[in-house]
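Engineer: Sharing a structure here in structure tokens format.
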Amino acid sequence: MCFSDSSKTLAEVEVHVLEQNRTRLSSPDAFSILQAKEVHAIQNTSFTSALNAQSGVRLEERSPGSYRIAIRGSSLRAPFGVRNVKIYWNQIPFTDAGNNTYLAILEPDMMDQIILTKGPTGGLYGAGTGGSILFNGPQGPNKIEHQEIGNTLGGYKQSWDIQQSGHRVYASFWQQPGARDWSAMKKQIISHEYHKNFGINGSIQLTSYYADVAYQTPGGLTLAQFKANPFQARPAAGAFLSSATQQATFHLKSFGTGIYIANSWNGNWGYNLANSVQVNKVVNPTIRNYEIRQEPNVSSRGVVHYKKDKSAIDFGYEFQIGQFDSQTFGNRKGIKDSLQVTQNTNIQSGNIFGQWDYQINSNWNSTVSLSANGYWTQYIGNELNLTPRFALVRKLGNHQRIIAKIASGYSPPSIAELRPSAGTINTNLKSEKGWNKEITWRGKYAFFDWDLTAYQFDLDETIVIRRAADGSDYFVNAGKTTQQGIELTYTVQLGQHLSLRNSESIQNFRFGDYVSGTKNYAGNRLTGTSPYQHASLLQWQIHPRLLWNSQFLFTDFLYLNDANTAVLPSSRVWNSKISYQRKHWELWLTVENMTNELYVSGPDLNATGNRFYNASPGRYIQAGLKITLN
């Protein structure tokens, strides 16, 4: 067995996204496709390098296991965790009813494909303004695969992947001490996937998992502390003990199961249906307190498809309901103390939507969609919103397209924003609403393809994080923001076995109308968003069995607070991986952060006491061995 020819990176792949089978060239929406070779190009233990190679996307890792995703600046409202980005796994909702996603559960080698949509999509993937991510597992031949990975930080991962007769069982164990003090992580997951075709066009897919994830949270440092020792955990200060003394840890046990069915009644009519249950239990001692959460969720999504002649019509629904029960106790050096507050919340969210694709003639295609979105909690009552979307695609020969699109976005507060760590319920928090306008020029030739998009997203009632004097977080609506950007992704086939992929993001994101007390932040750059990002990935098949991948990531400066008085400098990170593969085994070696850059991937924004800084690992080496029997 040898590695696939790198020229296949330029092939047009048809994927099921936004309820249609689309290619990237002809899609009315901006999206990226990562196949297995891009997902695993550098890392086999994290999605960070793969997602950060996409224009307009930034995956931040505050410490091992603690992730935050920004698609076109959408992480402004996420001090930790993944919010305002809808995530699906095998077409089943993975984001819960409270608009929160525990990304740390998933592993890169569980996935064969990742699809990212950018910006609002008119409600086809529910409420949200950031975008969506679709994770798809493999449906390949029968095999047994065992993997062993170790790194110079002391991390160790072992996994088994067994695929037989449509069944897939994946199990992994991963522990990582972390580069900083008090930043260890331990993670175990087992999942089962089953895929079976029936009838002429029918298919059924079952997805279930159980995960046990625990990671220590070292806490942010001041600039002086960061300069003195960037890899220390947050020390004691005033009345607050250190993160290590308080045993600050995020411990998640999660179970989920779901079913996805797709079928067609005849050549014109079809449907797909997804139902799932997810139960999360969180135990989270922090520097301030000790929280225990129980979060059961139920999701249902169904779509009916009709296609005839030049029209394709989809109409469907998505509904989620979740019970979010929280108890907050005092924290006495990692031991649960007296009960401080109990907050039990029920959230229901749902939408109905319709979409019409119409081929006007051989050169023009249109897409129109409309969704009605509802969101209910006992705190803000029932909220309804309509989100339309309209796009025109102009064909320029067989190799180029120009697309113009306008879409509305709507994102209600998440459970963590309504009920933040400050401990008070924010009944005045409003949903974000806005309009996104964009124009795209795409092209694909045998040895070169590109995707150039310019957009402007005007958002009202933008939700931003603030910090209380004791360090707890709470959220407010910041009035208006204007987010202007240019995204360029292009791939060049430099030779039969050599390809270069570059991604550029230029972002002019600013507060438009934001007054806090006596301070006016209008015109300031959005907190935590960089004006420029660049990513390069060079893939060279040196020999039929030898592959070398080299990646460069540049992130320009960004502001750490709304006042734009604290600045995080730019960073330059080089990663490299070399792989050697035989018929039944593969060996690889990865060097991360080759130049030993001191940088911060996931800062704490608007942090009390200016504790913004969470150092990322310096140079380290990872080695892996994969044994495959088929």
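Engineer: Name the residues in the stretch 333-367 that are surrounded by fewer than 15 Cβ atoms within 10 Å (Cβ to Cβ) and β-branched (Val, Ile, Thr), would you?
Structural biologist: ILE335, VAL341, THR342, ILE360
Engineer: Residue by residue through the stretch 97-116, note down the ones that are crowded, with 21+ Cβ neighbours inside 10 Å and assigned to a strand (DSSP E or B).
Structural biologist: ASN100, THR101, ILE114, ILE115, LEU116
Engineer: While we're looking at this one, here's another question. Would you mind stating whether SER616 is touching a residue at least 12 places away in the same chain (Cβ under 8 Å), touching a Ser or Thr at 6+ places or on another chain (Cβ under 6 Å) and not in a strand (DSSP E or B)?
Structural biologist: Here the answer is yes, as SER616 does meet what is asked.
Engineer: Determine whether GLY126 is surrounded by 22 or more Cβ atoms within 10 Å (Cβ to Cβ) and either under 20 Å from the mean Cα position of the chain (by Cα) or modelled with pLDDT under 95 (or both).
Structural biologist: Here the answer is yes, as GLY126 does meet what is asked.
Engineer: Sort out which residues of the stretch 600-625 are open to solvent by 30 Å² or more (accessible area, probe 1.4 Å) and closer than 21 Å to GLY154 by Cβ, and write them in order of number.
Structural biologist: PRO617, ARG619, TYR620, ILE621, ALA623, LEU625
Engineer: Consider SER579 carefully, then state whether it is modelled with pLDDT of 95 or more and farther than 29 Å from GLY154 by Cβ.
Structural biologist: no
Engineer: Going by the structure shown, is ALA214 within 30 Å of SER411 (Cα to Cα) and either acidic (Asp, Glu) or buried (at least 21 other Cβ atoms within 10 Å of the Cβ) (or both)?
Structural biologist: no
Engineer: What residue, among those in the stretch 449-498 that are under 17 Å from GLY131 (Cβ atoms) and of a type in the set (D, E, K, R), is most open to solvent (accessible area, probe 1.4 Å)? Full working, then the answer.
Structural biologist: Here is the first cut: in the stretch 449-498, the residues under 17 Å from GLY131 (Cβ atoms) are 451, 453-459, 462-463, 481, 483-487, 489.
Applying the additional criterion that residues be of a type in the set (D, E, K, R) yields 451, 458, 487.
Details: ASP451: 20, ASP458: 45, GLU487: 7 Å².
Checked the stretch 449-498; the qualifying residue most open to solvent (accessible area, probe 1.4 Å) is ASP458.
Engineer: While we're here: Being open to solvent by 70 Å² or more (accessible area, probe 1.4 Å), within 30 Å of GLN247 (Cβ to Cβ) and either at pLDDT 95 or above or over 28 Å from the mean Cα position of the chain (by Cα) (or both): is that true of GLN323 here?
Structural biologist: no
Engineer: Wholly within the stretch 508-596, which strands (runs of 3 or more DSSP E) include no fewer than the required count, namely at least 2 residues that are open to solvent by less than 50 Å² (accessible area, probe 1.4 Å), of a type in the set (Val, Ile, Thr) and touching a strand residue (DSSP E or B) at 6+ places or on another chain (Cβ under 9 Å)?
Structural biologist: 585-592
Engineer: Has the stretch 237-258 got at least one residue that is open to solvent by 60 Å² or more (accessible area, probe 1.4 Å) and among the aliphatic types (A, V, I, L, M)?
Structural biologist: The answer is yes; a qualifying residue exists.
Engineer: What pairs come up if the first residue lies in the stretch 230-244 and is touching a residue at least 60 places away in the same chain (Cβ under 8 Å) and closer than 20 Å to GLY602 by Cα, the second is acidic (Asp, Glu) and buried (at least 18 other Cβ atoms within 10 Å of the Cβ), and their beta carbons are under 7 Å apart, counting only those six or more places apart or on different chains?
Structural biologist: Between residues of the stretch 230-244 that are touching a residue at least 60 places away in the same chain (Cβ under 8 Å) and closer than 20 Å to GLY602 by Cα and residues that are acidic (Asp, Glu) and buried (at least 18 other Cβ atoms within 10 Å of the Cβ), the close pairs are PHE231/ASP181; ALA244/ASP181.
Engineer: Regarding THR342, is this residue touching a residue at least 60 places away in the same chain (Cβ under 8 Å) and within 24 Å of ASP96 (Cβ to Cβ)?
Structural biologist: Working: touching a residue at least 60 places away in the same chain (Cβ under 8 Å): no; within 24 Å of ASP96 (Cβ to Cβ): yes.
So THR342 fails the test.
Engineer: Can I ask one more? Looking at ASN272, is it more than 28 Å from ILE292 (Cβ to Cβ) and either open to solvent by 20 Å² or more (accessible area, probe 1.4 Å) or among the acidic types (Asp, Glu) (or both)?
Structural biologist: no
Engineer: Would you pick out the residues in the stretch 111-123 that are over 15 Å from the mean Cα position of the chain (by Cα) and of a type outside the set (Val, Ile, Thr)?
Structural biologist: ASP112, GLY122, GLY123, listed by residue number.
Engineer: Please indicate, with yes or no, whether at least one residue in the stretch 302-311 is free of Cβ contacts under 8 Å to residues at least 40 places away in the same chain, part of a strand (DSSP E or B) and under 22 Å from the mean Cα position of the chain (by Cα).
Structural biologist: Taking every residue of the stretch 302-311 in turn, none turns out to be free of Cβ contacts under 8 Å to residues at least 40 places away in the same chain, part of a strand (DSSP E or B) and under 22 Å from the mean Cα position of the chain (by Cα).
Engineer: Please verify whether VAL283 is open to solvent by 60 Å² or more (accessible area, probe 1.4 Å) and assigned to a strand (DSSP E or B), treating the condition exactly as stated.
Structural biologist: No: the conditions fail for VAL283.
Engineer: Out of all the residues in the stretch 482-507, which are of a type outside the set (Lys, Arg), under 30 Å from PRO544 (Cα atoms) and assigned to a strand (DSSP E or B)?
Structural biologist: Once the filter is applied, which keeps residues that are of a type outside the set (Lys, Arg), under 30 Å from PRO544 (Cα atoms) and assigned to a strand (DSSP E or B), the stretch 482-507 yields THR489, TYR490, THR491, VAL492, GLN493, LEU494, GLY495, LEU498, SER499, LEU500, ASN502, SER503.
Engineer: Quick check on my filter: what residues within the stretch 436-448 are over 22 Å from the mean Cα position of the chain (by Cα) and open to solvent by less than 30 Å² (accessible area, probe 1.4 Å)?
Structural biologist: Listed by number, the residues that qualify are THR440, ARG442, GLY443.
Engineer: Within the stretch 382-405, restricting attention to residues that are more than 27 Å from PHE315 (Cβ to Cβ) and in a strand (DSSP E or B), which residue is least open to solvent (accessible area, probe 1.4 Å)?
Structural biologist: Per the criteria, the residue is GLN400.
The values are calculated or read from the model by the stated rules, or taken from the named source; none is laboratory data. Keep in mind that this is a model prediction, so the values were computed, not measured. Don't worry about glycine lacking a Cβ; one is built from the backbone with ideal geometry, like all the others, and counts go over all protein chains shown. All accessible areas refer to the heavy atoms of the entire protein, side chains included, with ligands and DNA or RNA removed. Shrake-Rupley method; radii C 1.70, N 1.55, O 1.52, S 1.80 Å.
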